[in-house]
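Read through the structure below, which is laid out as structure tokens, and then see the notes.
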Amino acid sequence: MTLAALRLAVLCVAALGAASCSINHRSGDFACQVQADCSTGRSCVDGFCVAPLVDGGIAGSSDAAGGASNPDASPPSPDAAPACPAQCTSCDPTALTCTIDCQADPAACAQQITCPPGWNCDVECTTAQSCRNGVACDGATACKINCAGAQSCDAVTCSGGACNVQCTGRASCSAVTCGAGTCEVACTASDSCAAVDCGAGACSIGCTGNRSCNDVACHDACACDVACQANAGGCQSVTCTAAACDARSHSCSSDADPVCNTCP
């Protein structure tokens with residue numbers, strides 16, 4: 001190798017070394033010894049003027065690193081919505097409302113139907129012989145049960161919250177048992193509501209269907225109103241909360257005497 005070539009090689013190595021050493025050096029514009037050396041909005045930290053934190057990082061850090069922020073980046077996906085309880089054909093998890101529709105899901109109504117505890121349920125027994133294995137609303141906040149199918153709804157129990165049972169299908173609601181909550185039962189179809197047993201809450205039973213409500217027991221209800229249609233052949237056995245609460249046509253009234261309505 002000639003002396004000229006050797007000198008040229010040494011110069012090239014020196015130039016490359018100087019360039020590589022300067023790549024990671026911060027600009028002298030941001031060097032500081034005291035706070036006064038920094039521009040407004042920056043702080044002198046470890047010999048450099050540092051920008052304040054923005055959104056958990058140093059302002060402009062993405063640009064300094066050579067990567068600009070991506071305005072089109074998708075935001076983090078929100079948490080998935082809570083799933084409906086298995087027995088609900090549809091629901092609102094926020095409002096805790098559950099719909100059980102036998103027409104939409106016949107298999108769900110071929111077994112005992114149980115309203116999820118703490119939920120407000122709407123049970124639609126609109127097909128023939130649906131809900132025959134029991135409807136349990138014992139732990140529910142409230143239940144509305146529509147027994148529109150012929151021979152639908154057997155062993156309906158509402159021992160918890162408010163309960164509203166509509167017995168519009170022929171021979172529907174063969175047995176309804178109420179609890180401590182308000183209970184309303186409308187027996188408008190023929191041969192509906194063979195037996196209704198009130199609990200300790202306020203109980204209201206309308207027996208307007210032919211041969212409906214053959215056996216009604218108010219027992220310890222704080223108020224019990226049983227309205228039976230005259231000459232309809234129903235209400236063969238009605239037990240009111242007290243003798244003073246009896247009304248004509250085997251009916252009961254909570255307005256007949258002060259002892260007939262002791263609800264808070």
Exercise. Given H placed on each backbone N at 1.01 Å, which residues far from CYS44 in sequence or on other chains put an amide H within less than 5 Å of it?
Worked result: VAL50
For this session: Could you tell me the distance between the Cα centroids of region 177-196 and region 155-169, to the nearest Å?
Result: 7
Seminar exercise, completed: Quick shape check on region 90-260: root eigenvalues a ≥ b ≥ c of the Cα gyration tensor, a/c under 1.5 is rounded, otherwise prolate if a/b tops b/c, else oblate, and it reads oblate
Exercise. Taking amide hydrogens as modeled 1.01 Å from N in the peptide plane, which residues meet the under 5 Å criterion relative to THR114, leaving out close sequence neighbours?
Worked result: ALA136
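Values in this text are rule-based calculations from the coordinates and carry no lab data. Note that this is a predicted model, so its numbers are computed, not measured.
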